[in-house]
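*Asks:* Have a look at this one before I ask anything.
The values are calculated or read from the model by the stated rules, or taken from the named source; none is laboratory data. On a predicted model such as this, the values are computed, not experimentally measured, just so you know. Note: ideal-geometry Cβ built from the backbone for every residue, glycine included; neighbour counts use all protein chains shown. The accessibility values were calculated without ligands, DNA or RNA, using every heavy atom of the protein model including side chains. Shrake-Rupley method; radii C 1.70, N 1.55, O 1.52, S 1.80 Å.
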Amino acid sequence: MESKLKVFITGASSGIGSALAEEYAKQGAIIGLAARRQDKLQKIKSNCETLGAEEVVTYNLDVTNEEESMNVAKDFTHLNKEGIDVVIHAAALKQVSIGEYNPFEVIKTNIFGAQNIIECALSLGVKKVIALSTDKAAAPINLYGATKLCADKLFISGNNYSGFENTRFSVVRYGNVFGSRGSVIPLFKNLIEQ
């Protein structure tokens, strides 16, 4: 019998995190959804179950808390008995203005949170870790972009720490996501209507 793909997604309540969860659900995966926004997680869980996920488990997770991150990852690993195949790290404080006015929080979440996820993945022998990044990390001009660039470098360096073990780290950069929180589309719609 073929084993089901086991996917753990941080920042699962984000637009891209929830979209990826739903795509994996269509493949019948076992999915761990982790985020701070529990209200959204329950809706995403329900959608994933409807779309065909074998099992969906939700976690209230603040990735800046190293111990909490490890406990949640261990719990998901023990639930499915075979470890985690893929971690998708989508957790981040993503809005530029938030970064400029709350630098400590953005650094904690985007850099130290990334480091916590890397250390958890290495400790638990996760097969693949995919960090979601942004076009703002290429030649950053604001704190958000700078923190994402640091996180990108940490994830790629994770391959050095992994050595000959099986864990592999990748980073995927994307541009603006239409209709997501912080998207310019609502602003453009308002300007057109005026």
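*Asks:* Which whole-angstrom value gives the distance between the alpha carbon centres of segment 40-70 and segment 133-164?
*Replies:* If you average the Cα positions of each part, the centres end up 24 Å apart.
*Asks:* Note down the relative contact order for the chain as a percent, whole number, built from C-alpha pairs under 8 angstrom at least six residues apart.
*Replies:* Dividing the mean separation by the residue count of the chain yields 18 percent.
*Asks:* Write down, largest first, the equivalent ellipsoid semi-axes of segment 47-162 in whole Å, where each equals the square root of 5 times an eigenvalue of the alpha-carbon gyration tensor.
*Replies:* 26, 16, 13
*Asks:* Quickly estimate the mean residue ellipticity at 222 nm for the chain, helices only: each DSSP H run with n ≥ 4 gives -39500 (n - 2.57), and the total goes over all residues, rounded to 500.
*Replies:* -14500 deg cm²/dmol
*Asks:* Further, regarding this structure: Roughly how much of residue 191 is accessible, in Å² to the nearest 10, using a 1.4 Å probe?
*Replies:* Accessible area, nearest 10 Å²: 100 Å².
*Asks:* Looking at segment 80-120, which trypsin sites (Lys or Arg not before Pro) are DSSP coil and have at most 10 other C-beta atoms within 10 Å of their C-beta?
*Replies:* Those that pass, being in a loop and sparsely packed, are 81.
*Asks:* A further question on this structure: Can you list the GluC sites (Glu not before Pro) in segment 1-55 that are in a DSSP coil and have 11 or fewer other beta carbons within 10 angstrom?
*Replies:* 2
*Asks:* Also: For the chain, what value does the Rg/Rh ratio take when both radii are computed over Cα atoms and Rh is the Kirkwood radius, given to two decimals?
*Replies:* 0.98
*Asks:* May I ask you to give the percent of accessible area on segment 19-74 that is carbon plus sulfur, with a probe radius of 1.4 Å?
*Replies:* 42
*Asks:* Can you work out the accessible area per residue across segment 4-58, with the rest of the protein chains kept in place, probe 1.4 Å, in square angstrom?
*Replies:* With the other protein chains kept in place, segment 4-58 gives 42 Å² per residue.
*Asks:* Here's something else I'd like to know. May I ask you to list the GluC sites (Glu not before Pro) in segment 101-171 that are in a DSSP loop and have at most 12 other Cβ atoms within 10 Å of their Cβ?
*Replies:* Passing sites in segment 101-171 are 165.
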